Amino acid sequence: MKINEYYRDAAHMNLNGSIAALVPTTIIIIGNFSVLKNREIMLLALPFMIYSLISFQVYLFRMRQSITIRRNMKASKDISTSIFKARHLLVLYRNSQSSSLFIYFPNGHMAGQIKKFRGTGKKRFKLSRSYALYNEEDQVLGYFELKGRKVLKIDVFDRNQDFLGRFEKRNIGFRKAKKELFDHTGRFIGEIEGSSVFMDELVYDHGEHQVGRLRRGWMPMEWSPLFPEPNTPVLSLKEGLSEKDKLLRMSLLINEYFIER
């Protein structure tokens with residue numbers, strides 16, 4: 001799914017909401033004229049009519065965005081790469097019945113997607129608390145399994161379901177948490193520091209060197225023809241990290257989008 005298709009699908013979701021809001025509106029109006037014949041009852045239809053109108057306007061706005069982005073993509077360079085080779089990735093979260101996290105390259109092409117894992121494999125995951133990273137061809141690249149309550153643990157597995165390491169989050173005060181990363185042997189390999197108010201997560205290795213960052217409000221202007229929302233979050237990971245190292249550090253996305261926010 002290219003980025004213009006993402007905005008097109010978002011537009012259709014708003015259109016569906018607009019149409020759905022017309023159903024109770026129609027029932028109230030027809031029921032009132034046929035049976036009740038009370039002028040004040042018509043006020044009950046007003047919120048649904050307003051919601052339908054707003055949703056339809058959002059639909060038109062998103063469709064215009066999708067059309068503009070599609071034109072801009074034709075003029076941009078199509079540089080194909082893999083999600084683990086990219087220096088920067090843009091992240092868009094869709095909160096729906098089955099919430100998903102869409103990951104894009106700066107050229108507007110889809111790099112991958114994180115969503116609930118519902119399949120089976122050599123290792124049995126708790127399906128209610130497991131997520132998977134898929135590439136653009138819907139092939140699994142890695143797994144994330146949530147454990148613990150007081151101390152959140154996210155176990156990370158590669159595509160072969162081999163254990164890579166763990167993300168741990170411990171609450172240490174009001175709106176404060178300690179986020180650490182451990183390898184498959186339990187050795188400390190880094191931590192994540194950020195704000196509980198706005199999105200700016202800094203990823204450090206065990207030597208306190210920054211190797212990654214997830215932040216909102218930083219997107220370069222040259223990406224705006226394809227990503228019209230200036231606050232689109234950007235995930236940056238240091239070059240030189242292996243696929244397994246990057247996959248382990250991408251566990252912060254699970255905590256950020258499916259746990260905290």
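Phi-derived couplings, Karplus 6.51 cos²θ - 1.76 cosθ + 1.60 at θ = phi - 60°, listed residue by residue for the range 152-165: 6, 10, 10, 7, 10, 10, 7, 5, 8, 6, 8, 5, 9, x Hz, with x used for Gly and Pro. Calculated FRET efficiency, HIS12 to LEU44, Cβ-Cβ distance, R0 = 30 Å: about 0.60 to the nearest 0.05.
With all protein chains kept in place, the per residue accessible area of the range 3-75 amounts to 68 square angstrom at a probe of 1.4 angstrom. Considering only alpha-carbon pairs that sit under 8 angstrom and 6 or more positions apart, the relative contact order computed for the chain is 14 percent.
How far is helix 46-75 tilted off the main Cα axis of the chain, in degrees rounded to 10, range 0 to 90? On a 0 to 90 degree scale, this one is about 50. Of TYR204, TYR51, the order by accessible heavy-atom surface (1.4 Å probe, DNA, RNA and ligands excluded), from most exposed downward, is TYR51, TYR204. If the limit is 31 Å between Cα atoms, which of LYS176/LYS238; LYS85/LYS150; LYS2/LYS179; LYS116/LYS178; LYS116/LYS176 go over it? Cα-Cα > 31 Å for LYS85/LYS150; LYS2/LYS179; rest within.
Under 1.5 on a/c is rounded, so check that first for the range 130-233, then, if it is not, pick prolate when a/b is larger than b/c and oblate when it is not; a ≥ b ≥ c are the square roots of the alpha carbon gyration tensor eigenvalues. Because a/c hits 1.5 or more and a/b fails to exceed b/c, the range 130-233 counts as oblate. For the range 84-123, with all protein chains in place and a probe radius of 1.4 Å, 43% of the accessible heavy-atom surface sits on carbon or sulfur. Relative to the dominant Cα principal axis of the chain, helix 3-31 is inclined by about 30°. When ASP138, ASP158, ASP9 are compared by accessible area of protein heavy atoms, the largest-first order is ASP138, ASP9, ASP158, using a 1.4 Å probe. Placing LYS115, LYS238, LYS169 in order of accessible area, with the largest value first and a 1.4 Å probe, yields LYS238, LYS115, LYS169.
Spatial offset of the range 184-261 relative to the range 1-46 amounts to 39 Å, using the alpha carbon center of each.
The values are calculated or read from the model by the stated rules, or taken from the named source; none is laboratory data. Note that the coordinates shown come from a computational prediction; the quantities given were computed from them, not determined experimentally. Backbone-built Cβ (ideal geometry, glycine too); neighbour counts: all protein chains shown. The area values use the complete protein model at the heavy-atom level, side chains included, leaving out ligands, DNA and RNA. Shrake-Rupley method; radii C 1.70, N 1.55, O 1.52, S 1.80 Å.
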